[in-house]
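Notes for the one structure printed next.
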Amino acid sequence: MNKRPFAITLDVGSSRANHTGSWRVERPVYVDRLPPCNNACPAGENIQGWLYEAESGNYEAAWRALVEENPFPAIMGRICFHPCETACNRVQVDEAVGINAVERFLGDYALAHGLRLPHPGAATGHRVLVVGAGPAGLSAAYHLRRMGHYVRLVDSSPKLGGMMRYGIPAYRLPRDVLDAEIARVIDMGVDVVLDHNVQDIERERELGNFDAVFLAVGAQLGKRVDIPAGDSSKILDAVTFLHQVADERPPMLGRRVVVYGGGDTALDAARTARRLGATEAVIVYRRTQDQMPAHGEELTQALGEGVTLRWLSTINQVDGDTIMIEKMRLNAEGFPEATGEFEALGADAVVLALGQETDLTLLERDGRVEVKDGVVQVASDLMTSDRGVFAGGDAVPANRTATVAVGHGKKAARGIDAFVRGVSVESVAKHELASFEHLNTWYYSDAERTQRPELEKVRRQDNFEEVVLGLTERNALFEARRCMSCGNCFECDNCFGVCPDNAVMKLGANGKYEIDYDFCKGCGICARECPCGAITMVPELI
Amino acid sequence: MTRRPIHFYQVGSFAVGNRLLSDGERTVQSDAARTNSIDSGHRACQGCGEALGARYALDAAMRATGNRVVAVNATGCLEVFSTPYPETSWRIPWLHSLFGNAPAVATGVAAALRVKGRDDVRVVSQAGDGGTVDIGFGALSGMFERNDDVLFICYDNEGYMNTGVQRSAATPPAARTATTEVVGPHPGNAFGQGKDLPRIAMAHDVAYVATATVADLHDLEAKVERAMQFRGARYLHILVPCPLGWGSDSSETIHVARLAKETGLFPVFEAEYGVVTSVSKIRRVTPVEEYLKLQRRFAHLFGKNPRPDIVTHLQEIANRNIERYGLRDEEVVAPRHARTEVEV
């Protein structure tokens, strides 16, 4: 019979019988958005991904995630101009995350702990010739070996590294770091041929029975301009100059050195001249300091080392140990124009740093690869007009940086892999960008960027010791933890905590969450309060 | 190498949890095994601040007492949406009587437990602002005066929302409600009225009085835990935005609560035996407009016929709170827990 208390006709039930999910007009959905750093990285690194590992202090896992895309963290952590930091959303909170500094820390950590790159893939029997052992060629070799293809890497120089060795001075990239990271790639079983100048692509391809060729020949020729000059004047181009210094046979420049140009190479040349004993290293540039294409950090370092600048100036004539400079002014459109005012400047040598060009004699002789405006024309998979011949790095139209070249190496490897297997490259659609508006930055506490220490200026004057120093582990960890993980869940439990309906379930060990749509009313608090923008509201189909 | 103390920086340090924090540093809410004192399926509106505040406070009380809590509930939204016969959302011992007598019922429960020698079981009494500052006020003052061993929690959504958004003594000046309409030269609720119950509670010299919002979970949970360390009468006043009554978007509940604190309109502090012992500093100074504009109950202050004079008046109230409690600070405001230092 009825055992219930007086006047009670129903047993107590749980409110879980009431599926409030039916109220919903919008549903929260977990998404991964593309972090702006990843989007900006020319090498296609998953920066947010490896910072996530580094945040936990799991440096090996972080390094492994990094070398998935780029085998040179210690090199990149020194010479990359880090477009990732320019794109970083944290710029709008305080300062960008020091991604480059953490990358270097991970690179150095891996070298110190002797971490090995992944094993090469199972042999496929396909053979690839890579011409040029700079960042593009080495990166291609790395990725091709991982895919299991045989790689022969040839270079006309006696050592590997291309412009990373012959263009970038040792005070920016110590040679032991360069050698160690390159050796790690070669140890994956790359067949190296040095001091070999390829004369005929087609012939080499046939002789070696190669299925594909990757041309990564770089841009090795310094641009020249016609400057009226006396016989006794000493004029040389920056590329040759830096190459000779790298070869440890630096030219005699004298006491006063003038560098003509406003790019990074001009700064490298001027800073190198200072280290070789020049008491005056003057950069002459025809536009203003703001318009210099050189990167700001390097300019600051150069000025700190006593390099001086003469902007709005052109070199008109070189005669013996004097050069004539013509002053310029900016016209209404912001272009420099001559003023007719001249000034003499003492100079024992003039170094031209006016840009570089690709040596096209090889390609012109070949005739099968289309060349336009001094660069090789390529399709989206980096294949040239000659089937099976790919090209990348400074020889193709792109920004000429080592990081872009590394990215080209990876892209070409994918293109080549698809080509030799007779398939087309699978293109993956990019996720929606995790722009700043998607974030709720309240949840990130305030933290300034950790500055990298620099070598004292007095110690930089006569040697090639590294100028920018690394972070300690503690500071690298701190810096990694400044990452806001834009667009990607970092398991902060906010959605789980802020739901008024307990409709977010925490799945446990793997740290992910799931929405219980039986009870989610679609209020949207979880999406609004997600710090990193990893939840979006989607209208219900009614 | 010098060491500079810095505020612990970690993604999520103001968030509910974080994979990098030790268990002790995480909130009760980040625990997958939290009590969930109030279960899914309750009939609160989308984005209800009170449902959230009640779960936050009671789950924290459960952890602080080793799961030995009896809750007494006044009539109000919280009671109505959680227990439509024959369903209940409560997963803890819970008892409802009338609108105005929750403090007195809690006194009775505490007395019964004392008689039974159960000093391990703690009593929490809860009500909305109507049941606290208006209808239950006499009973509450009596409970304070007798120093009964009860934590009384007021979930303040600044009006009688359950019955159709009527004014209470906790409704802020200028707010539109069903009984303070937007008419005449002084639209909305009148200035100079209402009760500041946290200060009234302090005047009773009870052991512990604190305010909190649903926007700062670490702070709220720490206050519940602290409150449970005292015996005798204690009072916790939690601001819980009401999307329906305030006319704010359901997704903005926490954001609105955060702005109430950041503008200074809702001072967050704690006091022991009538003396303020700590305040939550403002982290990002915010003018009151930003808070008001998110809520339709203040819409008449903006738009076609704006009332900057009234906005200024509200800003003056915020400024007075900032001065009274010392809410502004030059220092960087860090979360309650965890700091570290960095080598420079």
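Among residues of the range B:88-116 that are closer than 12 Å to B:Leu140 by Cα, those with a beta-carbon under 6 Å from a residue that is surrounded by fewer than 18 Cβ atoms within 10 Å (Cβ to Cβ) at least six positions away or on a different chain give the pairs B:Val105/B:Ser97.
Report, by residue number, each residue of the range A:495-515 that is at the interface with chain B (Cβ under 7 Å from one of its Cβ atoms) and at pLDDT 95 or above. Scanning the range A:495-515 gives A:Phe496, A:Gly497, A:Val498, A:Pro500, A:Asp501, A:Asn502, A:Ala503. Determine which single condition A:Cys523 fails, assuming it passes every other condition in (1) surrounded by 24 or more Cβ atoms within 10 Å (Cβ to Cβ); (2) more than 33 Å from the chain's Cα centre (by Cα); (3) more than 8 Å from chain B (Cβ to nearest Cβ). Among (1) surrounded by 24 or more Cβ atoms within 10 Å (Cβ to Cβ); (2) more than 33 Å from the chain's Cα centre (by Cα); (3) more than 8 Å from chain B (Cβ to nearest Cβ), A:Cys523 violates only (3). Against the numbered list (1) part of a loop (DSSP other than H, G, I, E, B); (2) of a type outside the set (Val, Ile, Thr); (3) under 20 Å from A:Arg482 (Cβ atoms), A:Ala65 comes up short only at (1). Only one entry in B:Leu220, B:Leu244, B:Leu236 is among the hydrophobic types (A, V, I, L, M, F, W, C), assigned to a helix (DSSP H, G or I) and surrounded by 24 or more Cβ atoms within 10 Å (Cβ to Cβ), namely B:Leu220. If you take the residues of the range B:285-329 that are assigned to a loop (DSSP other than H, G, I, E, B) and of a type in the set (A, V, I, L, M), which of them is nearest to the chain's Cα centre (by Cα)? Ranking the qualifying residues of the range B:285-329, first place goes to B:Leu327. A count restricted to the range A:160-183 and to residues that are farther than 17 Å from A:Val467 by Cβ, surrounded by fewer than 20 Cβ atoms within 10 Å (Cβ to Cβ) and either touching a residue at least 12 places away in the same chain (Cβ under 8 Å) or not hydrophobic (A, V, I, L, M, F, W, C) (or both) stands at 2. Scanning the range B:18-42 for residues that are under 21 Å from A:Cys523 (Cβ atoms), facing chain A (nearest Cβ under 7 Å) and not small (Gly, Ala, Ser) gives B:Thr27, B:Gln29, B:Asn36, B:Asp39, B:His42. Here B:Asp39, B:Asp23, B:Asp120, B:Asp59 are screened, and the one residue that is surrounded by fewer than 17 Cβ atoms within 10 Å (Cβ to Cβ), at pLDDT 95 or above and not aliphatic (A, V, I, L, M) is B:Asp120.
Considering the range A:132-154 alone, what residues qualify as being of a type in the set (Ser, Thr, Tyr) and closer than 13 Å to A:Leu215 by Cβ? Answer for the range A:132-154, where residues must be of a type in the set (Ser, Thr, Tyr) and closer than 13 Å to A:Leu215 by Cβ: there is none.
Here's the yes/no breakdown for (1) at the interface with chain B (Cβ under 10 Å from one of its Cβ atoms); (2) modelled with pLDDT of 95 or more; (3) over 29 Å from A:Pro500 (Cα atoms):
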site	(1), (2), (3)
A:Met1	no, no, yes
A:Ala7	no, no, yes
A:Asp11	yes, no, no
A:Gly21	yes, yes, no
A:Asn39	no, yes, yes
A:Trp50	no, yes, yes
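Looking across the range A:412-437 at every residue that is closer than 29 Å to A:Gln92 by Cα and either within 14 Å of chain B (Cβ to nearest Cβ) or within 23 Å of the chain's Cα centre (by Cα) (or both), the one that is surrounded by the most Cβ atoms within 10 Å (Cβ to Cβ) is identified as A:Ala434. Taken over the range A:384-406, residues that are within 16 Å of A:Phe210 (Cβ to Cβ) and buried (at least 21 other Cβ atoms within 10 Å of the Cβ) amount to 4. Of the residues contained in the range B:54-76, none is found to be aromatic (Phe, Trp, Tyr), part of a helix (DSSP H, G or I) and over 28 Å from B:Asp148 (Cα atoms). Please work out if A:Gly409 is touching a His at 6+ places or on another chain (Cβ under 7 Å), crowded, with 23+ Cβ neighbours inside 10 Å and assigned to a helix (DSSP H, G or I). Judged against the criteria, A:Gly409 is a match. Checking each residue in the range A:474-489 for being modelled with pLDDT of 90 or more and surrounded by fewer than 24 Cβ atoms within 10 Å (Cβ to Cβ) picks out A:Asn488, A:Cys489. Look at the range A:197-210: where a residue is of a type in the set (Gly, Ala, Ser) and a partner is surrounded by 12 or more Cβ atoms within 10 Å (Cβ to Cβ), sitting 6+ places away or on another chain with Cβ atoms under 8 Å, you get A:Gly208/A:Arg127; A:Gly208/A:Leu129; A:Gly208/A:Arg152. Suppose the filter is among the β-branched types (Val, Ile, Thr), out of contact with any Asp or Glu (no Cβ under 7 Å at 6 or more places or on another chain) and either at pLDDT 95 or above or within 20 Å of A:Phe496 (Cα to Cα) (or both); does B:Val256 pass it? It is true that B:Val256 is among the β-branched types (Val, Ile, Thr), out of contact with any Asp or Glu (no Cβ under 7 Å at 6 or more places or on another chain) and either at pLDDT 95 or above or within 20 Å of A:Phe496 (Cα to Cα) (or both).
Residue by residue, here is whether (1) at pLDDT 95 or above; (2) among the small types (Gly, Ala, Ser); (3) more than 29 Å from A:Gly77 (Cα to Cα) holds:
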position: A:Glu370; (1), (2), (3): no, no, yes
position: A:Val404; (1), (2), (3): yes, no, no
position: A:Ala412; (1), (2), (3): yes, yes, no
position: A:Ala418; (1), (2), (3): yes, yes, yes
position: A:Ser445; (1), (2), (3): no, yes, no
position: A:Glu456; (1), (2), (3): no, no, no
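Note on the range A:185-196: residues that are buried (at least 20 other Cβ atoms within 10 Å of the Cβ) and among the charged types (D, E, K, R) total 0.
The values are calculated or read from the model by the stated rules, or taken from the named source; none is laboratory data. It should be emphasised that the depicted structure is a prediction, and the values quoted were computed from it without experimental measurement. Note that we place each Cβ from the backbone using ideal geometry, even for glycine, and neighbour counts take in every protein chain shown.
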